Amino acid sequence: MTIQIEEGDYTPWFRAFLDGVQQGDWAFKPTALKTLGIMPELWLKEVGPGRVRYVWPNDGSRDIQGGRVFGGWVGALSDHVVSICMFSALTGNEGFTTQDLQIKLFRPVMGEEIEITANLVNRSRTTGYVEADWRLPNGKLAVKVLAWKAIRDLEALAARG
């Protein structure tokens, strides 16, 4: 798997994530991603500080009816994509937690290859705002994702767990 990786000052955790994804064997793949069948090792195509591009090969296995993708799947994959985008923009010993996640469905998600791009729109010391677009094979916007992330020190996040 080859991902186009733009140079950046990525955190050690994110660098390890990228290395594992490129090698197709990452020991720390979260259980939720395994359970849900989210495969960045196959779908992540480009990454740069504050931006990612995924191409999801919609094979119909997540359809609800009539060739339309289940909205819960859209939500799960969206949360992953915007989170990886946020991770790509962290520095030092930073982590984050999701404050708010909004998913706006404009039309049914259908088609064999769905392109999902996410960009960090704004970042302060304590908050990141990420947007993502899901585009159908014909280029039409199907889904808009809005996510606010609370940026915290990793030790502070672990202590709250």
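Any idea which residue in the range 8-20 is nearest to M86 (Cα to Cα), counting only those that are out of contact with any Gly (no Cβ under 8 Å at 6 or more places or on another chain) and assigned to a loop (DSSP other than H, G, I, E, B)? Ranking the qualifying residues of the range 8-20, first place goes to Y10. For D19, work out the one condition from (1) closer than 28 Å to S124 by Cα; (2) under 16 Å from the mean Cα position of the chain (by Cα); (3) acidic (D, E) it doesn't fulfil. That leaves (2) as the condition not met.
Taking the conditions (1) in a helix (DSSP H, G or I); (2) at positive phi in turn, G60 satisfies each one other than (1).
Among residues that are over 22 Å from W73 (Cβ atoms), in a helix (DSSP H, G or I) and aromatic (F, W, Y), F28 is not included.
Sub-6 Å Cβ pairs linking a first residue in the range 60-83 that is over 13 Å from G111 (Cβ atoms) and in contact (Cβ under 8 Å) with a residue 24 or more places away in the chain to a second residue that is among the hydroxyl-bearing types (S, T, Y) and outside any helix (DSSP H, G or I), at least 6 apart or interchain, are V81/Y54, ordered by first then second residue. Against the conditions (1) surrounded by fewer than 16 Cβ atoms within 10 Å (Cβ to Cβ); (2) under 15 Å from the mean Cα position of the chain (by Cα), G60 satisfies every one except (2). If only residues of the range 77-90 that are buried (at least 22 other Cβ atoms within 10 Å of the Cβ) and among the polar types (S, T, N, Q) are counted, the one that is farthest from A158 (Cα to Cα) is S78. If you go through the range 31-57 and keep only what is in contact with an Asp or Glu (Cβ under 9 Å, 6 or more places away or on another chain) and either part of a helix (DSSP H, G or I) or of a type outside the set (V, I, T) (or both), you end up with E41, K45, E46, G48, P49, R51, R53, Y54, W56, P57. Residue count for the range 91-140 satisfying the condition of being buried (at least 17 other Cβ atoms within 10 Å of the Cβ), small (G, A, S) and in contact (Cβ under 8 Å) with a residue 60 or more places away in the chain: 2. Inspect the range 73-87 for any residue being among the charged types (D, E, K, R) and either part of a helix (DSSP H, G or I) or at pLDDT 95 or above (or both) and give the result as yes or no. Scanning the range 73-87, I find at least one residue that is among the charged types (D, E, K, R) and either part of a helix (DSSP H, G or I) or at pLDDT 95 or above (or both), so the answer is yes.
Residues of the range 151-160 being more than 12 Å from R123 (Cβ to Cβ) and either surrounded by 10 or more Cβ atoms within 10 Å (Cβ to Cβ) or at pLDDT 80 or above (or both), which ones? Residues satisfying the conditions are R152, D153, L154, E155, A156, L157, A158.
Surrounded by fewer than 16 Cβ atoms within 10 Å (Cβ to Cβ), more than 27 Å from R152 (Cα to Cα), within 14 Å of the chain's Cα centre (by Cα) and among the small types (G, A, S): does that describe G67? Answer is no for this residue.
Exactly one residue out of I103, I38 is at pLDDT 95 or above and among the hydrophobic types (A, V, I, L, M, F, W, C), and it is I103.
The values are calculated or read from the model by the stated rules, or taken from the named source; none is laboratory data. If you're wondering where the values come from, they're calculated on a predicted model, not measured in any experiment. Don't worry about glycine lacking a Cβ; one is built from the backbone with ideal geometry, like all the others, and counts go over all protein chains shown.
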